[in-house]
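Data first, discussion second: the structure below is written as structure tokens.
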Amino acid sequence: MNEAKAVLIGFGFAMIPYIAVAWGYSYFTEGGQPTFWRALGVLFVVRLFFEVIESIGRFLAWRFFVRREMVARMLGVFQKHEFPAKQYFDDDFSNYCARLLGGQQRGPNYMQQAHDIQSLLLYTAT
């Protein structure tokens, strides 16, 4: 299943409670269809408001706390496994891993360790 389809299915399941609440509100207030759409719109606006607040909180937490800890952990992994230093000053992580996976570096199973680090990063990114 591709990622867009999974997001759409998740959105569809998340809509069920919103539709149920909007329908219940319009049913008990005897407002009919206009009240249903108004209630659904209010629920969306409230959800958007809280999503913006949570996004700002996640951004600030990453910026001030989590990023520093994540970099320290990854640096500890590199030091523990005695990875070689990067060859170029402007070398980024993907180029470094590609060089390790390409087998250009000789050493204690760098290819397997590079695979492990990439899978760890993919796991923590999701």
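Table for the structure above
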{"read-out": "Index of the failed condition, residue 34 passing every other in (1) surrounded by 13 or more Cβ atoms within 10 Å (Cβ to Cβ); (2) free of Cβ contacts under 8 Å to residues at least 24 places away in the same chain", "value": "(1)"}
{"read-out": "Given (1) surrounded by 14 or more Cβ atoms within 10 Å (Cβ to Cβ); (2) more than 31 Å from the chain's Cα centre (by Cα), index of the condition residue 43 fails", "value": "(2)"}
{"read-out": "Single residue of 82, 30, 69 found to be assigned to a loop (DSSP other than H, G, I, E, B) and at pLDDT 80 or above", "value": "30"}
{"read-out": "Qualifying residue in the stretch 49-66 (condition: more than 18 Å from the chain's Cα centre (by Cα) and in a helix (DSSP H, G or I))", "value": "yes"}
{"read-out": "Qualifying residue in the stretch 34-45 (condition: of a type in the set (Lys, Arg) and assigned to a helix (DSSP H, G or I))", "value": "yes"}
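The values are calculated or read from the model by the stated rules, or taken from the named source; none is laboratory data. It should be emphasised that the depicted structure is a prediction, and the values quoted were computed from it without experimental measurement. No Cβ is skipped: glycine too gets one built from the backbone with ideal geometry, and neighbour counts run over all protein chains shown.
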